[in-house]
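All of the numbers you see were taken from the coordinates with simple rules; none came from a lab. Since this is a predicted model, take the numbers as computed values, not measurements. Cβ placement follows ideal geometry from the backbone for every residue including glycine, while neighbour counts extend to all protein chains displayed.
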Amino acid sequence: MAVDIKNLSHTQLTELIAKAQSRQGELQKEKVTRLRETISELIKAEGLTFDDVFGKSAPKSRRAGAAVAAKYRNPTDPEQTWSGRGKRPRWFNDALKAGTKESDMLA
């Protein structure tokens with residue numbers, strides 16, 4: 001099925017792209033489902049279980065919300081620290097504006 005995309009309007013082209021991406025997702029899901037069924041059949045044919053072949057799921061190495069060591073320390077208030085991740089704290093930005101270098105605030 002050949003579609004002459006040169007004659008399509010912007011709206012028609014956008015709709016065509018959306019339909020194509022949707023179909024692509026459907027085909028991917030079908031492929032994964034077939035592969036899972038094939039793997040299950042092979043495992044059962046050998047008299048094994050999924051856990052025998054792949055083992056139980058390994059525990060995650062990192063926990064969500066785990067504390068990260070402080071990388072920067074407020075020179076005027078050593079109690080205030082920042083790990084260097086996420087949004088910069090106000091004291092960090094204020095210190096930079098005041099002329100303090102990042103390297104001077106390393107913990």
Using a Cα-Cα cut-off of under 18 Å, which aspartates and glutamates could be cross-linked to Lys71, ignoring same-chain neighbours fewer than 8 residues away? Glu79, Asp94, Glu102, Asp104
When only Cα pairs under 8 Å and 6 or more residues apart are kept, what is the percent relative contact order across the chain? 15 percent
Which FRET efficiency value, to the nearest 0.05, is calculated for Ser83 and Lys56 with the Förster distance at 30 angstrom and r the Cβ-Cβ distance? 0.40
Separation in nanometres of the label points that stand 7 Å from Cα toward Cβ, at Thr11 and Arg34: 3.7 nm
